[in-house]
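Asks: Structure in structure tokens, see below.
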Amino acid sequence: MKLNLVRVPNGYAYADADSAKAGEKHKLGERVQASVVKPRSNKFQRKFFALLRLAFDYWEPEEGDAPAEYRGQAIEKDFDRFREDVTILCGFYTPVWNARGELRMQAKSIAFSEMEPDEFLRLYNTAIGVLMRLVMRSKGFTERQLEQAVDELLRFDG
């Protein structure tokens, strides 16, 4: 259970209805334990995903001589794989061994509890450069136009 709290003069109060409902499950005087983290802006998280989604929509994998199928299954674009690859290309990864004994890069988690706000800001800023180089420049975008397109998407997303 996660509770969103806000600091008030007498301590902490529930920050939203869901947290209040979850907190009411405990009896008065019941002792509970909580971890406190200051979450980064949900709006900024949405902006990062809007940036990724826009680039993903423009991205066309280089097929060349690559097959359209693998073991009878169609090979398709995958947003989660794209997000992980961009995160790795931005330098936010951990080197790991896979079961075959091969070195692989594992994308760091961007979950609120896993990445501090300043680190997330560095990821976002680096991602702009990576996505410009990987996809958007060839589609005629400048960095400024990319930022404007993301802001426009957020306006529609609401």
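The values are calculated or read from the model by the stated rules, or taken from the named source; none is laboratory data. Just so we're clear, the structure is a prediction, and the values are computed from it rather than from any experiment. Counting neighbours? That spans all protein chains shown, and the Cβs are built from the backbone with ideal geometry, glycine included. Please note that ligands, DNA and RNA were not included when accessible areas were found on the heavy atoms of the full protein model with its side chains. Shrake-Rupley method; radii C 1.70, N 1.55, O 1.52, S 1.80 Å.
Asks: Picking from Arg104, Arg81, which residue would you name as being modelled with pLDDT of 95 or more, within 28 Å of Thr142 (Cβ to Cβ), out of contact with any helix residue (DSSP H, G or I) (no Cβ under 9 Å at 6 or more places or on another chain) and not in a loop (DSSP other than H, G, I, E, B)?
Replies: None of the other options fit; the residue is Arg81.
Asks: Only one of Ser109, Ser138 is of a type in the set (Gly, Ala, Ser) and either over 12 Å from the mean Cα position of the chain (by Cα) or at positive phi (or both); which?
Replies: That would be Ser138, the only listed residue that is of a type in the set (Gly, Ala, Ser) and either over 12 Å from the mean Cα position of the chain (by Cα) or at positive phi (or both).
Asks: For region 126-141, give me each residue that is exposed (fewer than 11 other Cβ atoms within 10 Å of the Cβ) and either farther than 21 Å from Glu62 by Cα or touching a residue at least 24 places away in the same chain (Cβ under 8 Å) (or both).
Replies: Residues satisfying the conditions do not exist here.
Asks: Just a yes or no: is a residue in region 13-20 without any contact (Cβ under 8 Å) to a residue 24 or more places away in the chain and either touching an Asp or Glu at 6+ places or on another chain (Cβ under 7 Å) or of a type in the set (S, T, N, Q) (or both)?
Replies: yes
Asks: Let me spell it out: the conditions are (1) open to solvent by 100 Å² or more (accessible area, probe 1.4 Å); (2) at pLDDT 85 or above; (3) charged (D, E, K, R); (4) under 26 Å from Asp151 (Cβ atoms), and Arg46 meets all of them except one. Which number is the exception?
Replies: So the condition that Arg46 fails would be (1).
Asks: Being surrounded by 11 or more Cβ atoms within 10 Å (Cβ to Cβ) and farther than 30 Å from Arg155 by Cβ narrows it down to one of Ala68, Ala20, so name that one.
Replies: Selected residue: Ala20, the only one of Ala68, Ala20 that is surrounded by 11 or more Cβ atoms within 10 Å (Cβ to Cβ) and farther than 30 Å from Arg155 by Cβ.
Asks: Follow-up. Just to be sure before I move on: is Arg144 modelled with pLDDT of 95 or more, within 19 Å of the chain's Cα centre (by Cα) and open to solvent by 70 Å² or more (accessible area, probe 1.4 Å) in the structure I sent?
Replies: No; evaluated as a whole, the condition is false for this residue.
Asks: Taking only region 123-144 into account, find how many residues are in a loop (DSSP other than H, G, I, E, B) and not polar (S, T, N, Q).
Replies: Within region 123-144, residues that are in a loop (DSSP other than H, G, I, E, B) and not polar (S, T, N, Q) number 2.
Asks: Here are some conditions: (1) assigned to a helix (DSSP H, G or I); (2) surrounded by fewer than 12 Cβ atoms within 10 Å (Cβ to Cβ). Glu114 meets all but one. Which one does it not meet?
Replies: Glu114 satisfies every listed condition except (1).
Asks: I've got another one for you. From Glu84, Glu102, Glu76, grab the single residue that is open to solvent by 40 Å² or more (accessible area, probe 1.4 Å), without any contact (Cβ under 8 Å) to a residue 24 or more places away in the chain and within 22 Å of Asn42 (Cα to Cα).
Replies: Of the residues listed, the single one that is open to solvent by 40 Å² or more (accessible area, probe 1.4 Å), without any contact (Cβ under 8 Å) to a residue 24 or more places away in the chain and within 22 Å of Asn42 (Cα to Cα) is Glu84.
Asks: Being at pLDDT below 90, under 19 Å from Asn125 (Cβ atoms) and part of a loop (DSSP other than H, G, I, E, B) is the requirement here; does Arg31 meet it?
Replies: No: the conditions fail for Arg31.
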